[in-house]
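The values are calculated or read from the model by the stated rules, or taken from the named source; none is laboratory data. These figures come from a predicted structure and were not determined experimentally. Here the Cβ is made from the backbone with ideal geometry for all residues, glycine too, and neighbour counts use every protein chain on show.
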Amino acid sequence: MSNKKTVLQFTIVFIFILSIFSLQFLSPTYSQSAQELEDIINQKEDELNKQKSYLSDIEKRIKEISGSNYSLTEKVNLLNAEITKLQTEIDKRNIEIEEKLKIISEKEELLVNKKGTLDLISSQLYMKSRYNKDNYFSLFPI
């Protein structure tokens with residue numbers, strides 16, 4: 001009778017451990033190598049340099065408009081066109097930032113849920129081990 005009980009306990013522990021490891025494969029894990037992170041940093045630096053050159057082009061255009069022989073109305077219209085282009089670019093960047101913040105908050109929520117699940121499993125294992133200490137050690141005969 002105790003042999004069946006030991007086998008049953010061992011099976012339960014094995015299934016439980018197997019289920020913990022299978023949870024790891026069901027949900028994505030976000031890990032990147034140092035090279036991948038460096039590539040991302042380089043890509044962001046390139047994007048930043050493009051934006052800087054875009055802004056410097058706008059500054060040159062504004063200086064060109066200011067120093068030109070256009071009438072005041074034409075200068076204002078040209079400056080308004082440049083401001084509209086810049087505002088469009090800013091709005092586009094704001095939308096991208098909002099999307100990225102949404103993705104980050106979703107990932108953060110996923111991590112919090114995983115942590116809660118792991119905390120619950122850990123506490124349940126601890127409690128089971130405390131209550132069934134004698135039964136646990138009987139699984140491994142000396």
*Hey, can you tell me all the residues within the range 31-52 that are surrounded by 10 or more Cβ atoms within 10 Å (Cβ to Cβ) and not charged (D, E, K, R)?*
Q32, L37, I40, I41, N42, Q43, L48, N49, Q51
*Answer yes or no: is there a residue in the range 96-110 that is under 30 Å from I12 (Cα atoms), surrounded by 11 or more Cβ atoms within 10 Å (Cβ to Cβ) and of a type outside the set (G, A, S).*
yes
*Could you grab me the full set of residues in the range 65-74 that are surrounded by 12 or more Cβ atoms within 10 Å (Cβ to Cβ), assigned to a helix (DSSP H, G or I) and at pLDDT below 80?*
I65
*Cβ-Cβ below 8 Å, separation at least six or inter-chain, first residue in the range 69-96 and under 18 Å from K50 (Cα atoms), second among the hydroxyl-bearing types (S, T, Y) and modelled with pLDDT under 85: which pairs?*
E89/Y54
_Could you go through the range 89-107 and let me know if any residue there is modelled with pLDDT of 80 or more and closer than 30 Å to M127 by Cβ._
no
*So which residues in the range 49-82 are in contact with a helix residue (DSSP H, G or I) (Cβ under 9 Å, 6 or more places away or on another chain) and among the β-branched types (V, I, T)?*
I58, I62, I65
*What are the residue pairs meeting all of these: first residue in the range 118-134, first residue modelled with pLDDT of 70 or more and assigned to a helix (DSSP H, G or I), second residue hydrophobic (A, V, I, L, M, F, W, C) and surrounded by 11 or more Cβ atoms within 10 Å (Cβ to Cβ), Cβ atoms under 7 Å, and 6 or more apart or on different chains?*
I121/I20
*Which one of E36, E47 is over 27 Å from Q87 (Cα atoms) and either modelled with pLDDT of 80 or more or β-branched (V, I, T) (or both)?*
E36
